[in-house]
Amino acid sequence: MYSYGRSSAQLAVVSNRGAYTIQESYDRLVTRRTVGGLASAVEPVLHAQGGTWISWCGRIDNSGKDRGAKLSIPPGEPRYHLQEVFLSTEEHDNYYHGFCNACLWPLCHQMTERCSFEKAYWDAYRRVNQKFARITMETRKEIYWVHDFHLALVPQLLRNMSGSATIAFFWHIPFPPPDIFQILPWGRQVIYGLLGSDLIAFHTARYVQNFFDTVACYYPARIYPEQGLIRLHNRRILVQAIPVGINCHRFEQLAADPAVRARAEEIRRSLGAEKILLGIDRMDYTKGIPERIRAMAYFLEKYPEYCGRVTLLQIAVPSRNGIGEYGVLKQEVERLVGEINGRYDRTYGAVPVRYRYQSLDQAELVAHYLAADVLLVTALRDGLNLVAKEFAISRIDGKGVLVLSPFAGAAEELHGALLANPFEPAHLAAKIKMALEMPPQEQKNRLESLRRTIKNRDVRWWWQSNLKLVKSLVSGLSPASTS
Ligand code: F6P
């Protein structure tokens, strides 16, 4: 067993989905690691410091119980506690599918035509946030670190339960401009919930600015953008841009592993293409997968000399399966793949698009990064995009080109990428051509610049920056104390 030091006793992390799911199998609880940006970013801090992670672990319970297992995690070599929160079927439908994924998700990605504002969704969101806050408060920690749009009301609820609590919040998705956010009928309440925090952090300076502008629409707050500060009702709230980083060492290690390199060679050989374009995304309408496939068709039409020589390998990671729109998207992607392959597979050479619908483990992910000539991260809107960072760090060989959407948060940092507008097939096709024809020295220079930026702000930098700010609040240097 491990013992908790003083620092480990301090921290509770709260998020809808954590790093583990739990399943019951023959009266035993089986834990399984989840994949996802939030989990991989947040878990290292709990590994380093211990603490408790309060999250929903994928189990539905209709018995009226609000919580499930309390486990020491990871199994076999425990470093922190996991407190499972239960959702009922109604909550899963109205809170997770409803308010989170049919209101806030499309709204924040500026896809308002996909929003559905049902009062039942909002009611469930409030109830589930109250449940998370209640369970979190029982851990009696010094610092509460709340994550993402699922739990925006939790900071204020915690503040109401304990005025002296230190509360940090990280918003992992885009934060839209105020004229979009204000479409939400319960926008004021959501902002009020967030303002219970001492620190609110976003991926980019643009999201911070959008947040300031939105707060100003609802509350008579005094806002100091240069200091990243809001003063409201005798409280001070720090608002900062701290983009999530990755575990660079782990990706470089995998990229140097002979087995991973051999697998990359095997992937290249099996695709039988001179050049490989790669897309790896969760199957989500924000990621621009159909638009990318259409741009590929445009590319082959406009530059027929590439037919039979270039393949787009699109990996789509299954996500939010129970939501109708995600099923519709999957069908659309599969139809488009069939269509483009039917139309442009004229030479018995490389197939225009190869498509896999599955998730990859890290070694397989890095093998794919190494196999590719170009990575296409052409999201219509994306909070940050860690795949772009993982690709650049994995290319220790100095080869490969990153084509990046200006609408992904990562574009604010990753200046070595080729920017391409995913909404304009002709533009995207031209950038694909430019990427395929980029001289090796330019590839190397761009990758070096990308790798420097990414290494300067790795995952450790990210959580340390967040916690350093929070700890300065605890130790009384508090920019958030009343004044
Ligand atoms: O921040 C976006 C996010 O909610 C991440 O936490 C997660 O990795 C991803 O979207 C997938 O979401 P879900 O938890 O709904 O599967």
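Some observations on this one:
- Projected over all directions and averaged, the alpha-carbon convex hull of the chain occupies 23.1 nm².
- Sequence-distant residues sharing a close amide H with Gly51 (under 5 Å, placed H): His81
- Built amide H within the under 5 Å cut-off of Ala379, gap 5+: Ser405
- Net +/- balance of residues flanking Thr453 in space, Cβ distance below 12 Å, scoring K and R +1, D and E -1: +2
- Shape class for region 11-241: prolate, because the ratio a/c of the largest to smallest gyration tensor axis (alpha-carbon atoms, square roots of eigenvalues) is 1.5 or more and a/b beats b/c.
- Crossing angle, helix 362-371 versus the chain [Cα axis fit, 0-90 degrees, rounded to tens]: 30
- FRET efficiency for Gln464 and Gln253, using Cβ-Cβ distance with R0 set to 30 Å, rounded to 0.05: 0.90
- The angle between the Cα long axis of helix 324-344 and the longest principal axis of the Cα atoms of the chain comes to about 10 degrees, rounded to the nearest 10.
- Qualifying aspartates and glutamates (Cα of each under 19 Å from Cα of Lys70; at least 8 residues distant if same chain): Glu24, Asp27, Glu43, Asp61, Glu84, Glu138
- Those trypsin sites (Lys or Arg not before Pro) in region 17-77 that DSSP places in a loop and that have at most 16 other beta carbons within 10 Å: Lys65
- Label point distance in nm, Met161-Glu226, each placed 7 Å from Cα along Cα→Cβ: 4.0
- Phi angles across region 154-162 convert, under the Karplus curve 6.51 cos²θ - 1.76 cosθ + 1.60 with θ = phi - 60°, into 3J(HN,Hα) values of 4, x, 5, 5, 5, 4, 5, 7, 8 Hz, Gly and Pro given as x.
- Cα-Cα over 27 Å, subset of Lys141/Lys287; Lys65/Lys468; Lys287/Lys389: Lys141/Lys287; Lys65/Lys468
- Gyration tensor (alpha-carbon) shape descriptor, region 180-336, a/c threshold 1.5: prolate
- The slack in the chain from Asp213 to Gln182, taken as 0.36 nm per residue of separation less the alpha-carbon distance, amounts to 10.1 nm.
- Relative contact order (%) - region 11-241, alpha-carbon pairs under 8 angstrom, separation at least six: 16
- Low-density loop cleavage sites - chymotrypsin sites (Phe, Trp or Tyr not before Pro) in region 331-367, where at most 10 other Cβ are within 10 Å (DSSP): Tyr348
- Sequence-distant residues sharing a close amide H with Arg356 (under 5 Å, placed H): Gln314, Ile315, Ala316
- The string of couplings for region 234-251 from the Karplus curve (6.51, -1.76, 1.60, θ = phi - 60°) is 6, 10, 10, 10, 7, 10, 9, 9, 9, x, 5, x, 10, 7, 4, 4, 4, 5 Hz, one whole number per residue in order, with x for Gly and Pro.
- Across region 196-207, computed HN-Hα scalar couplings (Karplus, 6.51 cos²θ - 1.76 cosθ + 1.60, θ = phi - 60°) run x, 6, 8, 10, 10, 10, 10, 6, 9, 5, 5, 5 Hz from first to last residue, x flagging Gly and Pro.
- Using a simple spin-label model with pseudo-atoms 7 Å out from Cα toward Cβ, Ser25 and Ala363 lie 2.0 nm apart.
- Relative contact order, percent, the chain [alpha-carbon distance under 8 Å, six or more residues apart]: 13
- Where labels lie 7 Å past Cα in the beta-carbon direction, separation of His415 and Glu442 in nm: 1.8
- Remark: the Cα gyration tensor places region 248-456 in the rounded category, a/c being less than 1.5.
- In the chain, taking the dipole from charged Cβ atoms about the Cα centre, the farthest positive-side position among Asn210, Gly76, Ala388 is held by Gly76.
- The chain: angle of helix 258-271 to the longest principal axis, Cα-based, in degrees nearest 10: 50
Read-outs: derived from the displayed coordinates by stated rules, not from any lab. Quick caveat: nothing in here was measured; it's all calculated off a predicted structure. Positions of Cβ are generated from backbone atoms using ideal geometry, with glycine treated the same way; all protein chains shown enter the neighbour counts.
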